[in-house]
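Data block below; observations after.
The values are calculated or read from the model by the stated rules, or taken from the named source; none is laboratory data. In this text the structure is predicted, and so the values were computed from the model without any measurement. Cβ sites come from the backbone with ideal geometry, for glycine too, and all protein chains shown count toward neighbours. With ligands, DNA and RNA removed, areas are computed over all heavy atoms of the protein, side chains included. Shrake-Rupley method; radii C 1.70, N 1.55, O 1.52, S 1.80 Å.
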Amino acid sequence: AFIYGGQTTEIEVGKAINDAIQNGIITDREELFVTTKQWREYHCYDKSLQCLDLSLERLGMDYVDCWMMHWPGPCWESKPRQERDQIKNKRGSKRSQEENDTDMDPWKNAKEGMGKDEIIALRAETWRAMEDAYRLGKTRSIAVSNFTIQHLESLKQSATLWPPAINQIECHPYYPQNDLLEYCKKEGIVVQAYAALGGQDGTKAKWKELGGKLLESPPVVSAASKLSNPLKKVTPAQVLLRWALQRNCAIVPKTSSPVRMKENANVFDFILAAGDMEAISNLSSRLENEVSVGRLCWRTEPLRMLDFN
């Protein structure tokens, strides 16, 4: 993605691909499927195209295979730490409800032109830029990430190319997003699950609230044990990835370990039984509010629950 690694990841990926070609590890660029993402700071038509051109320059490529809109919400004005601390300290003092609501409203910190009454039109303009990038051959598919049903429905109203190839979303047994998966299936949108193993933003307090980490969850551990045999050990991580696959989700597990990479890819020679699928799926049903409690990612994002138009 454009923003990953402080805007350095695309450069490193481009270098790695070029080195792989030069060293004969791969024959040419066509052997790879390269995805990158437009960043929300560049929402609108012209800036989005500039964002893609920067990404292609960093990657050293003429096109990407998939270009995603990374986030449906606004970019924020950064506040000096002193101002943030002052607001935090005021919240417990005797103030009017209106004052507290104003301080708590994240939209007041949205960058100019990205307010709550403007963001739908901005997303539409960003998508229009993505459509034109596709027509120009700068990307072979266009997609979105972190979009809700509401965001997709509003985008659909002005889109001339529909559906998005992919909607990449947080999706795991604590946050299964059943309605969104059903909607995407109906619209012909592939769901790509990130944080399929539970994500990296969970705190000790959050895991305690949920009843423990997914990798240690009884139905997950039980399924792994039942599937293991002397010839093959199935791990809890593989069970979670298989659970996602059997719900027709593509998966993008992240690891820096070559051993884990091989393990994550080795999930196509076993199937979870219906009872195990149900037991794992039921992990979210005991949460008081799956929508807010089960969400693990984007912990510091003011609009992390995506409950805006």
For the pairs LYS116/LYS186; LYS111/LYS186; LYS37/LYS138; LYS15/LYS37; LYS37/LYS156, note any where the Cα-Cα span goes beyond 23 Å. LYS116/LYS186; LYS111/LYS186
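What does the charge dipole of the chain about its Cα centre add up to, to the nearest 20 debye, if the Cβ of each Lys and Arg holds +1 and the Cβ of each Asp and Glu holds -1?
Values: 41 positive and 42 negative charges, 202 e Å.
Using Cβ point charges on Lys, Arg, Asp and Glu, the chain gives about 980 debye.
Given R₀ = 25 Å, FRET efficiency for LYS213-ASN178 by Cβ-Cβ distance, to 0.05? Working shown, then result.
Details: r = 22 Å, r/R0 = 0.87.
Efficiency computed from Cβ-Cβ geometry: 0.70.
How much of the accessible area of the chain, probe 1.4 Å, is carbon plus sulfur, in whole percent?
About 51 percent, which is the carbon plus sulfur part of the accessible surface.
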Place +1 on the Cβ of every Lys and Arg and -1 on the Cβ of every Asp and Glu in the stretch 190-309, take the dipole about the Cα centre, and give the residue among ALA250, ALA196, ALA265 whose Cα lies farthest towards its positive end. ALA265
The relative contact order of the chain, taking Cα pairs under 8 Å that sit 6 or more residues apart, comes to a percentage of 15 percent
Quick check: pseudo-label points 7 Å beyond the Cα along Cα→Cβ at THR9 and LEU161, how many nm apart are they? 2.2 nm
Inter-site label distance for GLN200 and ASN18 at 7 Å from Cα along Cβ, in nm: 2.6 nm
Among SER257, SER154, SER284, determine the one that fluctuates most according to a GNM of the chain built with springs between C-alpha atoms less than 10 Å apart. SER257
Projected-area mean, the stretch 158-309, by convex hull of Cα positions, square nanometres: 10.7 nm²
Using 1/(1 + (r/R0)^6) with R0 = 35 angstrom and r between the beta carbons of THR300 and GLU153, what's the FRET efficiency to the nearest 0.05? 0.80
Per residue, how large is the accessible surface of the chain? Use a 1.4 angstrom probe and give square angstrom. 54 Å²
If I compute Cα extents along the principal axes in Å from the structure I just sent, which labelled value in (1) 72, 41, 38; (2) 64, 54, 38; (3) 70, 56, 38 lines up? (2)
Full-extension gain in nm, SER222 to ASN266, via 0.36 nm per residue minus C-alpha separation: 14.0 nm
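Using DSSP, restrict attention to beta bridges with both residues in the chain and report what percent are antiparallel, rounded to the nearest 5.
Numbers: 3 of 21 bridges.
That works out to approximately 15 percent antiparallel.
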Given points 7 Å out from each Cα along the Cα-Cβ axis, report the GLU112 to ARG286 separation in nanometres with one decimal. 5.3 nm
